[in-house]
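Novice: Structure below; questions to follow.
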Amino acid sequence: MIDYKKLQNGSDIRGVAIEVDGGKPVDLTSESVTRIGSAFALWVSKRLNKPISEIRIAVGRDSRLSGEKLTEWFIDGLTSVGASAFDGGMSSTPAMFMCCVNELSFDAGVMITASHLPMERNGLKFFVSTGNDEHCEKSNRYATGLEKADIASILSSAETGDFAGEAMKDKRVVDIMTPYIDGLKKKILDGLGCVDGDTPLSGLRIVVDAGNGAGGFFAERLLAPLGADITGSIYLEPDGNFPNHQPNPENAQAMECICEAVRSNKADLGIIFDTDVDRAGAVIPMDGDAFALDRNRLIAMMSAILSKQYGSITVVTDSITSTGLTKFIDSLGCRHHRFKRGYRNVINEAQRLMANGENAIFAMETSGHGALAENYFLDDGAYIIVKLLIELVRAKRADSSLSDLISTLNEPVESAEARLAVNIDNYSDYTENVLAHVEKHFAGKAGFTIVQPNFEGVRVNADAAHGDGWFLIRRSLHDPIMPCNLESNSEGGLKALSNALYECISAFDKLNKEPLCRLM
């Protein structure tokens, strides 16, 4: 029996779709995926207060080997309860959102993806329109991603519901990507004062690493038609075996691949996407080498670009961003609001601040998830890159470079992450006790300061004599792990920070402190 609750991964669904030696049992089966499809269609009907016979849902997928089969099963579930289903084929996650707000005007979009996870895994991401009928002007359409409570409700219904209908076998297809790509192209043209048919990227060599995911379109269908030379782009062909490297901008091997592509092709810009294109990283040339725009650097770059456009803004990030980033954002006349890990968390927090009158138009995780108010607060890696491209062309016209925008960003001398496994079943209570102890230990300790406000875990600043930096210890969102992020502005400071934290938590024998010891 499949435990449907265990398929929930925050605001998404994830599971095992392909059996592999030594792997976990398959739980994204024909039955479970079909039932989830039925439950989702009925949920959309109720959410939009529309008859199920009028509900139109598009389904897309990335390059994973199990994608086609899961699409077929999910569509069977949709149609068996009376909804109209459309197969969007190879798509990106942002395109599945946009099909609810652009001229396609779907009631909901579903993306079959597991982002950067191993090839045997797969999952589903869901979007629903909030104003999408024939009387609704395009400019007034909006959509949203589902929240954790929505996913829990759908999975509960999938497990217990009685879906007795028979799936319709007439397969309808829809081109999801062309309207989405046209929208990105228009954004570039408008941003550079160009018209359709112009080639504002002429003279630029731009290399793309799609990681054999769904992002190859960006080079072939967007950059090249706008005049860019995409010679040297790599791994554009979809291949669910992911034979070259993990499709993940946070992966060291993946980032080195795109850095080398920039070096060897003397490119003006390198771009890397995850499998479903909701995350991105970039690389620019600097002093004859390749300079990766990832994590704090990409957030800093986007903050600089947006402050030029909007003036003083609030930048919402996850909890592990650096002190140097905060100082950089302050120098722009903006405010840095550090929140929790999780892309839905930072997006929802930015929207909350906006509703309270704060100009929090930008939210971004260090993982590469970035969302803008001007783009429906959709975490869209391709849209983030479009903003970089516009600024790249402007910089070229002014005989400057993108790197000039973040020349004053102070970066740590040393940084590391130690992920401490929690070897106990009831790890929630245990990790809560660890955090309480850490906060109490450092609250009155000379040389250390508890950072407030702080919305996740315990963050501690250390003075020059005690590590010259900071550390954050927190609980993982989904796993029995306590990640510890540490940064120092001095050589040897990481060792001092690690020693201080180890000394504090040494008595917690169910916590595997070996990763922390390796930093000492």
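Novice: From the list S38, S53, which residue is open to solvent by less than 20 Å² (accessible area, probe 1.4 Å) and among the small types (G, A, S)?
Specialist: Result of the check over S38, S53: S38.
Novice: Follow-up. With small (G, A, S), part of a loop (DSSP other than H, G, I, E, B) and surrounded by 24 or more Cβ atoms within 10 Å (Cβ to Cβ) as the only criterion, which of S63, S105 stands out?
Specialist: S63
Novice: Which of the residues spanning the range 20-35 are over 24 Å from the mean Cα position of the chain (by Cα), assigned to a loop (DSSP other than H, G, I, E, B) and either in contact (Cβ under 8 Å) with a residue 60 or more places away in the chain or buried (at least 20 other Cβ atoms within 10 Å of the Cβ) (or both)?
Specialist: Listed by number, the residues that qualify are V20, G23.
Novice: Could you figure out which of (1) more than 16 Å from A416 (Cβ to Cβ); (2) assigned to a loop (DSSP other than H, G, I, E, B) isn't true of E491?
Specialist: Here E491 clears every test but (1).
Novice: Keeping to the range 410-428, report how many residues are among the acidic types (D, E) and either free of Cβ contacts under 8 Å to residues at least 12 places away in the same chain or loosely packed, with under 14 Cβ neighbours inside 10 Å (or both).
Specialist: Number of matching residues: 2.
Novice: From G213, G232, G281, G227, which residue is touching a Pro at 6+ places or on another chain (Cβ under 7 Å) and open to solvent by 10 Å² or more (accessible area, probe 1.4 Å)?
Specialist: Answer to the check: G227.
Novice: Then there's this: Taking the condition of being part of a helix (DSSP H, G or I) and of a type in the set (S, T, Y), how many residues in the range 165-215 meet it?
Specialist: Total satisfying the criteria: 2.
Novice: Right, here's the next one. Do you know which residues across the range 338-361 are aromatic (F, W, Y) and open to solvent by 60 Å² or more (accessible area, probe 1.4 Å)?
Specialist: Selection gives nothing.
Novice: Sticking with this structure for a sec: Can you confirm whether E237 is at pLDDT below 95 and either assigned to a loop (DSSP other than H, G, I, E, B) or open to solvent by 60 Å² or more (accessible area, probe 1.4 Å) (or both)?
Specialist: It is false that E237 is at pLDDT below 95 and either assigned to a loop (DSSP other than H, G, I, E, B) or open to solvent by 60 Å² or more (accessible area, probe 1.4 Å) (or both).
Novice: Is it true that some residue in the range 3-20 is touching an Asp or Glu at 6+ places or on another chain (Cβ under 9 Å) and over 22 Å from L117 (Cα atoms)?
Specialist: No; the residues of the range 3-20 include none that is touching an Asp or Glu at 6+ places or on another chain (Cβ under 9 Å) and over 22 Å from L117 (Cα atoms).
Novice: Out of all the residues in the range 183-201, is one or more of a type outside the set (K, R) and closer than 23 Å to S264 by Cα?
Specialist: Looking for residues that are of a type outside the set (K, R) and closer than 23 Å to S264 by Cα, one finds at least one in the range 183-201, hence yes.
Novice: P285 fails exactly one of the following numbered conditions: (1) in contact with a helix residue (DSSP H, G or I) (Cβ under 7 Å, 6 or more places away or on another chain); (2) within 30 Å of A17 (Cα to Cα). What is the number of that condition?
Specialist: That leaves (2) as the condition not met.
Novice: Name the residue, out of I320, I305, that is within 21 Å of N375 (Cβ to Cβ), touching a residue at least 24 places away in the same chain (Cβ under 8 Å) and under 22 Å from the mean Cα position of the chain (by Cα).
Specialist: Sole residue among the options that is within 21 Å of N375 (Cβ to Cβ), touching a residue at least 24 places away in the same chain (Cβ under 8 Å) and under 22 Å from the mean Cα position of the chain (by Cα): I305.
Novice: To continue, here is another question. List every residue pair whose Cβ atoms lie under 6 Å apart, where the two residues are 6 or more positions apart in sequence or sit on different chains, the first residue falls within the range 343-371 and is under 18 Å from K148 (Cα atoms), and the second residue, located anywhere, is among the aliphatic types (A, V, I, L, M).
Specialist: Within 6 Å, the pairs are V346/V316; V346/A363; I347/A363; I347/A371; E349/V316; A350/V316; A350/A360; A350/A363.
Novice: Another question, if that's okay. What are the pairs, 6+ residues apart or on separate chains, where a residue within the range 503-520 that is over 21 Å from H466 (Cβ atoms) has its Cβ under 7 Å from a residue that is in a loop (DSSP other than H, G, I, E, B)?
Specialist: K510/N423; K510/I424; N512/N423
Novice: Go through the range 338-351 residue by residue and tally those that are in a helix (DSSP H, G or I) and more than 14 Å from the chain's Cα centre (by Cα).
Specialist: So the answer is 3.
Novice: I would also like to ask the following. Kindly list, by first and then second residue, each pair from a residue in the range 477-490 that is buried (at least 18 other Cβ atoms within 10 Å of the Cβ) to a residue that is part of a strand (DSSP E or B) and of a type in the set (S, T, N, Q), limited to pairs with Cβ atoms under 8 Å and residues at least 6 apart or on different chains.
Specialist: Note: pairs meeting the criteria are N485/S415; L486/S415; E487/S415; S488/S415.
Novice: I'd like to know if the range 329-337 contains one or more residues that are open to solvent by less than 20 Å² (accessible area, probe 1.4 Å), part of a helix (DSSP H, G or I) and of a type in the set (A, V, I, L, M, F, W, C).
Specialist: Yes - at least one qualifying residue is present in the range 329-337.
Novice: Separate question: I need the full set of residues from the range 443-475 which are open to solvent by less than 40 Å² (accessible area, probe 1.4 Å) and under 22 Å from A421 (Cα atoms), in order please.
Specialist: Those that are open to solvent by less than 40 Å² (accessible area, probe 1.4 Å) and under 22 Å from A421 (Cα atoms): E456, G457, V458, R459, V460, W470, F471, L472, I473, R474.
Novice: Considering (1) free of Cβ contacts under 8 Å to residues at least 12 places away in the same chain; (2) surrounded by 22 or more Cβ atoms within 10 Å (Cβ to Cβ); (3) not hydroxyl-bearing (S, T, Y), say which one E256 fails and leave the rest.
Specialist: With (1) free of Cβ contacts under 8 Å to residues at least 12 places away in the same chain; (2) surrounded by 22 or more Cβ atoms within 10 Å (Cβ to Cβ); (3) not hydroxyl-bearing (S, T, Y) applied to E256, the lone miss is (2).
Novice: Is it the case that the range 474-483 has a residue that's part of a helix (DSSP H, G or I), in contact with a strand residue (DSSP E or B) (Cβ under 9 Å, 6 or more places away or on another chain) and of a type in the set (A, V, I, L, M)?
Specialist: Looking for residues that are part of a helix (DSSP H, G or I), in contact with a strand residue (DSSP E or B) (Cβ under 9 Å, 6 or more places away or on another chain) and of a type in the set (A, V, I, L, M), one finds none in the range 474-483, hence no.
Novice: Moving on to the next point. Report, by residue number, each residue of the range 7-19 that is modelled with pLDDT of 95 or more and not in a strand (DSSP E or B).
Specialist: Once the filter is applied, which keeps residues that are modelled with pLDDT of 95 or more and not in a strand (DSSP E or B), the range 7-19 yields L7, A17, I18, E19.
Novice: Inside the range 372-409, can you point out the residues that are touching a residue at least 24 places away in the same chain (Cβ under 8 Å), farther than 23 Å from F273 by Cα and not charged (D, E, K, R)?
Specialist: T408, L409 - these are the residues of the range 372-409 that are touching a residue at least 24 places away in the same chain (Cβ under 8 Å), farther than 23 Å from F273 by Cα and not charged (D, E, K, R).
Novice: Right, here's the next one. Only one of (1) within 30 Å of S490 (Cβ to Cβ); (2) surrounded by fewer than 21 Cβ atoms within 10 Å (Cβ to Cβ) fails for I390. Which number is that?
Specialist: Unmet condition: (1).
The values are calculated or read from the model by the stated rules, or taken from the named source; none is laboratory data. All figures in this text were calculated on a predicted structure; none of them were measured in a lab. Positions of Cβ are generated from backbone atoms using ideal geometry, with glycine treated the same way; all protein chains shown enter the neighbour counts. Accessible surface is based on the protein model in full, side chains and every heavy atom, while ligands, DNA and RNA are left aside. Shrake-Rupley method; radii C 1.70, N 1.55, O 1.52, S 1.80 Å.
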